[in-house]
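A quick write-up on the structure given underneath.
The values are calculated or read from the model by the stated rules, or taken from the named source; none is laboratory data. All figures in this text were calculated on a predicted structure; none of them were measured in a lab. All Cβ positions, even for glycine, are placed from backbone atoms using ideal geometry, and neighbour counts span all protein chains on display. For accessibility, only protein heavy atoms count, side chains too; no ligands or nucleic acids. Shrake-Rupley method; radii C 1.70, N 1.55, O 1.52, S 1.80 Å.
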Amino acid sequence: MAEKQKEIPKIRTFKTDAEIFMREKKISQLDMARGAYIADKDVLRVVPTRRFNYKIIIFAGIAVLIVGLAVFFAFRLFFQAAPAPAGQAEKPTANFLPMDGIKEIIFSEANPGALTSALLEERGKNLRFDTVVYLPIKILKNTGEEKFLRAPDLTRALAWQTPSEFLDNLRPDFNLLTVYGRNSRDIAVILKIKNFPSALASLFSWERTLWQDFKPFLQAEDIKNISQFAFVDDIIKNNDARVFKNVNGKIILGYSIFSKQYVIISTSRDALSTILDRLIALPPR
């Protein structure tokens, strides 16, 4: 009798274990799948943090800086700023009082004496009386630049022996004028000041040499025996004034301060009167 054939033992697998487990627990494959899904959701997933590379930012910043500087210097080198149109960069001082005309005077820095000559030429013109002409002064610098004078520049250009205290008290604005009267043609200047008491004190000090500064605009016959002259008080258009009389009693120079802000110096009393009259009628703003 043939030997009874032996059964091949069953191989244990994960599937067979699962089937045995389901039979014992009386659960289905759907129940197991549901449990696996819920377990997977409850797992906290931790993603490793990627380290930030600061070197990239540093190198990028340096590169941007280099490019920016290169563009800036290239622009400065090849695209120079256009100069301001002539006549628009600077303007003369506005009129302090109503004028009958304006005449711009230009003189060269290399020849400062030309300014005095130009003023004498303007004063010598035969205009009707009670005419006031404003003379903005422009200097042609050695560099070729043209510039309107300000008050301290004017005192230097005319070589005035102005006290330093008075210069320090000046504002930049001024009006240089020619005034035409019935019997005289005069040069006058209006200077704007910062402090009245200080200006008045320095004007008293300036009286000793003021006539010398205005000598080019005085008549030779009017300054004979100049050592006997002196400034005296006067009232012009209800304003205090100081006038310089010669031996014949003729006033050849004088000054007044209007509204404690405007120093007026002129080569005659009539010119002072004309200027004060216009300032009173229409005070500067």
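From the list D173, D240, pick out the single residue that is without any contact (Cβ under 8 Å) to a residue 40 or more places away in the chain and on the phi < 0 side of the Ramachandran plot.
None of the others qualify; the one that does is D240.
Which one of these does E207 not meet: (1) buried (at least 19 other Cβ atoms within 10 Å of the Cβ); (2) touching a Phe, Trp or Tyr at 6+ places or on another chain (Cβ under 7 Å); (3) touching a residue at least 24 places away in the same chain (Cβ under 8 Å); (4) not in a loop (DSSP other than H, G, I, E, B)?
That leaves (1) as the condition not met.
Can you run down the residue pairs with Cβ atoms below 9 Å, 6 or more apart or on separate chains, where the first is in the range 132-143 and farther than 10 Å from E109 by Cα and open to solvent by less than 60 Å² (accessible area, probe 1.4 Å) and the partner is small (G, A, S) and part of a strand (DSSP E or B)?
Final answer for the pair search is V132/G101; V132/A188; V133/G101; Y134/G101.
What number of residues in the range 153-172 are under 20 Å from N95 (Cβ atoms) and open to solvent by less than 60 Å² (accessible area, probe 1.4 Å)?
Narrowing the range 153-172 to residues under 20 Å from N95 (Cβ atoms): 153-154, 170-172.
Add one more test, that the residue is open to solvent by less than 60 Å² (accessible area, probe 1.4 Å), and what stays is 153-154, 170.
Of the residues in that region, 3 qualify.
Residues checked against (1) of a type outside the set (A, V, I, L, M, F, W, C); (2) at pLDDT 95 or above; (3) crowded, with 18+ Cβ neighbours inside 10 Å:
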position: F214; (1), (2), (3): no, yes, yes
position: S227; (1), (2), (3): yes, no, no
position: I235; (1), (2), (3): no, yes, no
position: N239; (1), (2), (3): yes, yes, no
position: K250; (1), (2), (3): yes, no, no
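Taking interchain pairs and intrachain pairs at least six residues apart, which have beta carbon atoms under 6 angstrom, with the first residue in the range 94-105 and over 19 Å from L127 (Cα atoms) and the second part of a loop (DSSP other than H, G, I, E, B) and not small (G, A, S)?
If the second residue must be part of a loop (DSSP other than H, G, I, E, B) and not small (G, A, S), the pairs left are F96/P284.
Hey, can you tell me all the residues within the range 81-102 that are modelled with pLDDT of 95 or more and either touching a Ser or Thr at 6+ places or on another chain (Cβ under 8 Å) or acidic (D, E) (or both)?
The answer is D100, G101.
Return only the number of the condition from (1) open to solvent by 20 Å² or more (accessible area, probe 1.4 Å); (2) touching a strand residue (DSSP E or B) at 6+ places or on another chain (Cβ under 7 Å) that V243 does not satisfy.
V243 satisfies all of (1) open to solvent by 20 Å² or more (accessible area, probe 1.4 Å); (2) touching a strand residue (DSSP E or B) at 6+ places or on another chain (Cβ under 7 Å) except (1).
How do the helices (runs of 4 or more DSSP H) wholly within the range 89-184 filter down when requiring 2 or more residues that are in contact with a strand residue (DSSP E or B) (Cβ under 9 Å, 6 or more places away or on another chain) and farther than 21 Å from N195 by Cα: which remain?
Once the helices (runs of 4 or more DSSP H) in the range 89-184 are filtered for at least 2 residues that are in contact with a strand residue (DSSP E or B) (Cβ under 9 Å, 6 or more places away or on another chain) and farther than 21 Å from N195 by Cα, what remains is 113-123.
Does the range 187-201 contain any residue that is open to solvent by 20 Å² or more (accessible area, probe 1.4 Å), out of contact with any helix residue (DSSP H, G or I) (no Cβ under 9 Å at 6 or more places or on another chain) and either closer than 23 Å to L115 by Cβ or not in a helix (DSSP H, G or I) (or both)?
yes
So that you can scan it fast, the table gives a plain yes or no per residue for (1) free of Cβ contacts under 8 Å to residues at least 24 places away in the same chain; (2) touching a strand residue (DSSP E or B) at 6+ places or on another chain (Cβ under 6 Å); (3) assigned to a strand (DSSP E or B):
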| position | (1), (2), (3) |
| --- | --- |
| E221 | yes, no, no |
| G249 | yes, no, no |
| I257 | no, yes, yes |
| S273 | no, yes, no |
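So in the range 259-271, with the set limited to residues that are outside any helix (DSSP H, G or I) and closer than 22 Å to R123 by Cβ, which one is nearest to the chain's Cα centre (by Cα)?
Just the residues of the range 259-271 that are outside any helix (DSSP H, G or I), to begin with: 259-268.
Subsequent filtering for residues that are closer than 22 Å to R123 by Cβ retains 262-268.
Working: Y262: 24, V263: 26, I264: 28, I265: 30, S266: 32, T267: 35, S268: 38 Å.
By that ranking, first place goes to Y262.
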